[in-house]
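These notes concern the structure reproduced below.
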Amino acid sequence: MPKTMKEKKHFTQYIISIVFIIFIFGMAVLFLLLPKAKYSSNEKRYLSDPPQVSMQNLASGQLTKDIESYLTDHIPFREFYVGTNAYYNLYTGRNGSNGVYSGSDGYLINDPVEKENNIEKNIKVFADFVNENNIDATLMIVPSTGYVMDSNLPLLHKNYLDDSLFTVINNTRGGMKFVDLRESFKKAVAQGAQLYYKTDHHWTSKGAFLAYNEYCMAKGLQATTQGEYYIEIYDKFYGTTYSTSALWLNPSENIELWQSVRLGDVSVEITEDTSTTSSNSMFYKKHLTEDDKYPVFLDGNHALTRIKNSNAPQDKKLLVIKDSYAHCMVPFLTDNYGEILMVDLRYYKDNVSDFIKNEGFNETLILYGLDNLATDTNVAFLE
């Protein structure tokens, strides 16, 4: 006897429920059986460790958070789901929903700086520091990728506030020289130069070289010409915006190391707490075999990095207060300064003024990316 429509409907409902139960049970089995990765290459981060069960963690609620984080990080086929969701958002008109815009020519571009930010407060701290130490200081703030590369942004995007924020910076900088990169960067991009990575928020070596020239022009220094560099090119570079976006079908790009023919004997000393390591190169090529290749420049973020070049004027000493944008530019400056000390306020918590008073640093460069300056809370402790 043929089944009625009502019976068929009930049968369909059972099938959906059965499939759902099988899926949940299968994922649970896979979660238990599959090995747990400790690191995600695409996301460039370490995944959560198994939660530590204790009465203290249970009482504080931390155990629940740790369990949730562990389950989220180790769900089977997680990267496939994350990537699929990112492309679903992209193709359904929600480009930038994860904080990164997918632009033309393969550019992945971070959201603009929020209106509420720390820029004015941080610039005032720098201005007070320079005034108290009576030192020749130069301020360089790198414009955001979205501002400079606005022609590569999708049609619908948030407004980039660089122009108004640079006005705030200029009005707050006190006695610091201000190297404004906006015009020269816009002009170079219009002529076809790639000043920012497509998969990362940092500037390229070409962008840092242009900024170096602008700095030398403002300071009356002789810049090393592009023809005086050996340029080594390495492929398969993926940056932080690539990792954040989860748009993992985007191609990799090249990363370039520029080394001046003027260099003499170079020494690099990196200090973290009481530990100091030394090198005779500013390029740490071991990182080129890793997922995160940007630390090839001066080994990435450290509290203190001291660089000396025997061929540069030994009476010229530069203190650089910086974020990670400086790592790519400082190697250019070593042709003009016999000694450069880089200070990262995220990791160095002692008195920076002591270097000026005790070691005779006669010039300071404050170098930050606009996005980082807007969110940095460590500048407040500068003294």
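If one takes the longest principal axis of the Cα atoms in the chain, at what angle in degrees, from 0 to 90 and to the nearest 10, does the Cα axis of helix 78-91 lie?
Taking Cα atoms only, the helix is inclined about 80 degrees.
Report the Rg/Rh value for the chain, based on alpha-carbon coordinates and the Kirkwood definition of Rh.
For the chain, the value is 1.07.
At what distance in angstrom do the alpha carbon centres of the stretch 166-243 and the stretch 270-329 lie from each other?
Computed from Cα coordinates, the inter-centre distance equals 18 Å.
State the extension gain, in nm to one decimal, for the chain segment bounded by residue 267 and residue 88, taking 0.36 nm per residue of separation less the distance between their alpha-carbons.
Net length gain for the segment: 59.5 nm.
At a Förster radius of 25 Å, what calculated FRET efficiency corresponds to the Cβ-Cβ distance of residue 275 and residue 358, to the nearest 0.05?
With a Förster radius of 25 Å, E is 0.75.
What are the trypsin sites (Lys or Arg not before Pro) within the stretch 93-142 that DSSP puts in a loop, where the Cβ has at most 15 other Cβ atoms within 10 Å?
Passing both the DSSP loop test and the Cβ count: 94, 115.
At most 14 other C-beta atoms within 10 Å and a DSSP loop state: those are the exposed chymotrypsin sites (Phe, Trp or Tyr not before Pro) I care about. Give me the longest piece of the chain that has none.
78-346
Would you report the distance distribution of C-alpha pairs in the stretch 247-302 as whole percents per 5 angstrom bin, up to the bin with the largest distance?
Spelled out bin by bin, the stretch 247-302 gives 4, 14, 22, 21, 18, 10, 5, 5, 1 percent.
Starting from the Kirkwood Rh over alpha-carbon pairs, what translational D in µm² s⁻¹ does the stretch 144-264 have by Stokes-Einstein at 25 °C and 0.890 mPa s?
Rounded, D is 149 µm²/s.
Note the angle between two axes, namely the Cα long axis of helix 205-219 and the longest principal axis of the Cα atoms of the chain, as a number of degrees from 0 to 90, rounded to the nearest 10.
With both axes taken from Cα atoms, the answer is about 30 degrees.
Considering only the stretch 105-381, what is the antiparallel percent among its DSSP beta bridges, to the nearest 5?
Percentage antiparallel, nearest 5: 55.
Could you give the length gained on full extension between residue 136 and residue 111, defined as 0.36 nm per residue of separation minus the Cα-Cα distance, in nm?
5.6 nm
What are the semi-axes of the equivalent ellipsoid for the stretch 157-200, taken as the square roots of 5 times the Cα gyration tensor eigenvalues, largest first, in whole Å?
24, 15, 10
Rounded to the nearest 0.05, what FRET efficiency do residue 158 and residue 256 have when you use their Cβ-Cβ distance and R0 = 35 Å?
The formula returns an efficiency of 0.70 here.
Given the convex hull of the Cα atoms of the stretch 201-263, what is a quarter of its surface area in nm²?
With every direction weighted equally, the projected area is 5.3 nm².
Relative to the longest principal axis of the C-alpha atoms of the chain, give the angle of the C-alpha long axis of helix 62-74, reported between 0 and 90° and rounded to the nearest 10°.
Computed tilt is about 80 degrees.
Since every read-out is calculated from the coordinates, none of them should be taken as a lab result. What you see is a predicted model; the values in this text were computed from it and never measured. Heads up, the Cβs are rebuilt from the backbone with ideal geometry, glycines too, and the neighbour counts pull from every protein chain shown.
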